[in-house]
Amino acid sequence: MYLNFKEDIEYDKLLKPAQIIKNGGLVIFPTETVYGIGTNALNSKAVKKLYEVKKRPYEKPISLLVNSIEMIENIAKDITKLEYELIKKFFPGPLTIILKKKENISNIVTANKETVGVRMPQNDIALKLIEYAGVPIATPSANISGKPSGTNMKDIMRDFEKKVEYFIDNGSSKIGQASTIVQIIDETPYILRKGAISELEIKKVIDKKRLQL
């Protein structure tokens, strides 16, 4: 199914795709960076289907989208003060932070790693979807692996027609660039993927927090 959210935004129309996500279906939806293809992160079978549809190698983990600190704390543990400071500064926004995962997150999501990428998108449609679904959403970019990230629905629909249950169109992506991925190791930030938030912005937050500790 297809939902056009370019003009009149009626959030109750997101209840159906949110239920599809919760039940393990696949939905393509906008974020402020690029379009994502998402499913219930707590459903291993659904995540496996996501890998298959995207033709994504299983050794590449999938980040999770959340809509609250509470949801972060439900999927991640031992969050440090510096990690909380980055979350406070950049969430919601185009930053993915690598945290220690809890046992409820399947190894298929994390490619057998003990960490999980977490992001809170700065997009009301995405945030409402997460709220209505009531679960973190496993969400890589909406593209076939190896192709450019999906930023407009025309190209996305061509790649995923009949492969996902729902398309939510919100026009071209606001940023059009994937999120920055950061991991804190021994109180030092490491940029695993460059994106919309610069390394300098991240280091400023870390250095400021260190002075307060």
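Observations on the structure shown:
- Residues that are under 16 Å from the mean Cα position of the chain (by Cα) and surrounded by 16 or more Cβ atoms within 10 Å (Cβ to Cβ) were ranked within the range 72-81; the one that is nearest to Glu187 (Cα to Cα) is Ala76.
- Residues being closer than 24 Å to Ser149 by Cα, in a helix (DSSP H, G or I) and of a type in the set (A, V, I, L, M) - total across the range 189-213: 1
- Test: residue in the range 59-71 that is polar (S, T, N, Q), at pLDDT 95 or above and surrounded by fewer than 19 Cβ atoms within 10 Å (Cβ to Cβ): yes
- Every pair of residues 6+ apart whose Cβ atoms lie under 7 Å, when the first sits in the range 21-33 and is closer than 18 Å to Tyr2 by Cα while the second is buried (at least 20 other Cβ atoms within 10 Å of the Cβ) and of a type in the set (Asp, Glu): none
- Every pair of residues 6+ apart whose Cβ atoms lie under 8 Å, when the first sits in the range 136-162 and is over 19 Å from Ala126 (Cβ atoms) while the second is modelled with pLDDT of 95 or more and outside any loop (DSSP other than H, G, I, E, B): Ile144/Lys54; Ser145/Lys54
- Subset of the range 146-184 that is in a loop (DSSP other than H, G, I, E, B) and among the polar types (S, T, N, Q) - its residue that is nearest to Val116 (Cα to Cα): Ser179
- Being under 11 Å from the mean Cα position of the chain (by Cα) and surrounded by fewer than 21 Cβ atoms within 10 Å (Cβ to Cβ) is a description that applies to Gly93.
- Answer residue from the range 179-190, given it is free of Cβ contacts under 8 Å to residues at least 40 places away in the same chain and among the hydroxyl-bearing types (Ser, Thr, Tyr) and is surrounded by the most Cβ atoms within 10 Å (Cβ to Cβ) among those: Tyr190
- Filtered by the rule that a residue be surrounded by 15 or more Cβ atoms within 10 Å (Cβ to Cβ) and farther than 19 Å from Thr151 by Cβ, the range 20-38 gives Ile20, Ile21, Lys22, Gly24, Gly25.
- Residue that is surrounded by the most Cβ atoms within 10 Å (Cβ to Cβ), among those in the range 147-178 that are at pLDDT below 95 and touching a Lys or Arg at 6+ places or on another chain (Cβ under 8 Å): Asn170
- Only residues that are over 20 Å from Ile191 (Cβ atoms), assigned to a helix (DSSP H, G or I) and either in contact (Cβ under 8 Å) with a residue 60 or more places away in the chain or among the charged types (D, E, K, R) (or both) were counted across the range 82-108, and they come to 1.
- Lys101, sole failed condition from (1) at pLDDT below 95; (2) surrounded by 21 or more Cβ atoms within 10 Å (Cβ to Cβ); (3) farther than 24 Å from Lys16 by Cα: (1)
- Residue within the range 126-140 that is surrounded by fewer than 18 Cβ atoms within 10 Å (Cβ to Cβ) and not acidic (Asp, Glu) present: yes
- Scanning the range 37-78 for residues that are under 22 Å from Ile168 (Cα atoms), in a strand (DSSP E or B) and of a type in the set (Lys, Arg) returns no hits.
The values are calculated or read from the model by the stated rules, or taken from the named source; none is laboratory data. Just so we're clear, the structure is a prediction, and the values are computed from it rather than from any experiment. For neighbour counting, all protein chains shown are included, and Cβ atoms are generated from backbone atoms with ideal geometry for every residue, glycine included.
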